[in-house]
Amino acid sequence: MYKNYLKRIFDFLAAFFGLLLLSPIFLLVMVGLYFANQGKPFFFQARPGLNEKIFKIIKFKTMNDKKDKDGNLLSDAERLTPIGAFVRKTSLDEIPQLINVLKGDMSLIGPRPLLPEYLPLYNETQKKRHWVRPGITGWAQVNGRNAISWTKKFELDVWYVDHVSFTTDLKVFLTTFKKVFKSEGISADGHVTIEAFNGKN
């Protein structure tokens, strides 16, 4: 009942009122990033969602588009702007995903939507992460986020898919605030975020 019906209702209501409540912060961050990123405050990227259906995720753009003399993008660390670093550290970059939740592309709680190029790399068990809508936060995020290995992250994602419930979602929701406050697990060692998945790590 909860997984198939009530979860979507709760998601819609929470996203709607969340956007209303956070609208002043949303506007301030948008204006700051507009000037920091040459008029581009938002970041759009294709991600696989429920049943691997591709959608466009919306996030605040924390890195500029500066390139080297050969026309190649600079490293993530070099492109991360000061305001972008703050927005990422405080997880404010995730706020626009509430729009994805309203549209039904995402849920508040669920496995994080990753890159489409990872799809062929998943084993049969890991593919189960797409049996539910991806989330803004999830079981893996409150149990290590980017500081844990891909193998462990997928184990946690699959565990969540097998144990979706109101109690689990409430625990993730409340724990997320603690993680954001402490800025835990934002980056993997030696990376601005986390190294790319190669089917093994």
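The values are calculated or read from the model by the stated rules, or taken from the named source; none is laboratory data. The model shown is predicted, which means the values in this text are computed figures rather than measured ones. Heads up, the Cβs are rebuilt from the backbone with ideal geometry, glycines too, and the neighbour counts pull from every protein chain shown. To get the accessible areas, we keep the full protein, side chains included, count just its heavy atoms, and leave off ligands, DNA and RNA. Shrake-Rupley method; radii C 1.70, N 1.55, O 1.52, S 1.80 Å.
This table checks each residue for (1) at pLDDT 95 or above; (2) within 13 Å of the chain's Cα centre (by Cα); (3) farther than 30 Å from TRP139 by Cβ.
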position: ALA36; (1), (2), (3): no, no, yes
position: GLY49; (1), (2), (3): yes, yes, no
position: SER91; (1), (2), (3): no, yes, no
position: VAL101; (1), (2), (3): yes, yes, no
position: GLY110; (1), (2), (3): yes, yes, no
Selection status of LEU28, under 30 Å from VAL164 (Cα atoms), of a type outside the set (Val, Ile, Thr) and out of contact with any helix residue (DSSP H, G or I) (no Cβ under 9 Å at 6 or more places or on another chain): no
Residue list for region 51-61, restricted to those being open to solvent by 30 Å² or more (accessible area, probe 1.4 Å) and not in a strand (DSSP E or B): ASN51, GLU52, LYS53
Selection from region 140-152 of residues that are open to solvent by less than 40 Å² (accessible area, probe 1.4 Å) and either at pLDDT 95 or above or among the aliphatic types (A, V, I, L, M) (or both): ALA140, VAL142, ILE148
Out of PRO41, PRO48, sole residue that is without any contact (Cβ under 8 Å) to a residue 24 or more places away in the chain, surrounded by 11 or more Cβ atoms within 10 Å (Cβ to Cβ) and in contact with a Leu (Cβ under 9 Å, 6 or more places away or on another chain): PRO41
Filter result for GLU124 (more than 24 Å from PHE10 (Cα to Cα), of a type in the set (Asp, Glu), without any contact (Cβ under 8 Å) to a residue 12 or more places away in the chain and not in a helix (DSSP H, G or I)): yes
All positions within region 69-107 that are open to solvent by less than 60 Å² (accessible area, probe 1.4 Å) and part of a strand (DSSP E or B): LEU80, SER107
